[in-house]
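Here is the structure we will look at.
Here, each number is a calculation from the coordinates, and none is a lab measurement. What you see is a predicted model; the values in this text were computed from it and never measured. So basically every Cβ, Gly included, is an ideal-geometry build from the backbone, and we count neighbours across all protein chains shown.
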Amino acid sequence: MIRKTAIILLFLSILLKMMAQVYEADSIQIKYFEVQKQPNKFKSKYLPIILFTTSIALNAVGDGLNDSDKKIAGHICNSLSIASLLAIPLSCDINKRKWPIYLMSYITLRIGLFDPIYNSVRKLPFNYVGNQSITDKFWQQHAPDLFTRSWFFGIGIAIPLCEL
């Protein structure tokens, strides 16, 4: 009698263990499909910021190299800058109704990043402002400092994170 009970208990424990594994596999499979159905938050929020920043940095480096008479490297950087901008609609889930958010993010990131990167490539002081373009004439009247640049950079990152 004890042998029969032990065999039945062993058989039941093995059966329960097998059922638990099947149930666990089903729940993992269900969770996998639930995760797959969710939109990719990285693509919608972070990837545009990364591509905007890459484009602006490459454009600033390219302009700095062109102005330093390193034309080939400058043109390569400028073409890579354009390529990173063209990659945005191909790699991101862009909501067409929210295009002003993308534009505001790009503009504020450009204000925060372009001149400091350009100045570092040209080996100019951080706050150096030229006198050629309209933006240079604007910044000559409103002297940009590190706080102003970092504020615009922070706003450029915060806009898509909060609004998209």
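Worth pointing out:
- Residues 82, 56, 155 arranged by fewest to most Cβ contacts within 10 Å: 82, 155, 56
- A simple rule links phi to the HN-Hα coupling: the Karplus curve 6.51 cos²θ - 1.76 cosθ + 1.60 with θ = phi - 60°, which for segment 140-146 gives 5, 7, 10, 3, x, 10, 4 Hz, with x for Gly and Pro.
- Computed magnitude of the charge dipole of segment 69-164 (debye, nearest 20; Cβ of K, R +1, Cβ of D, E -1): 180 debye
- Packing around the peptides 130-136, 62-68, taken as the average count of other Cβ atoms within 10 Å per residue, puts them in this order, highest first: 62-68, 130-136.
- Lysine pairs in segment 41-163 whose alpha-carbon atoms fall under 17 angstrom of each other, counting only those eight or more residues apart or on distinct chains, come to 8.
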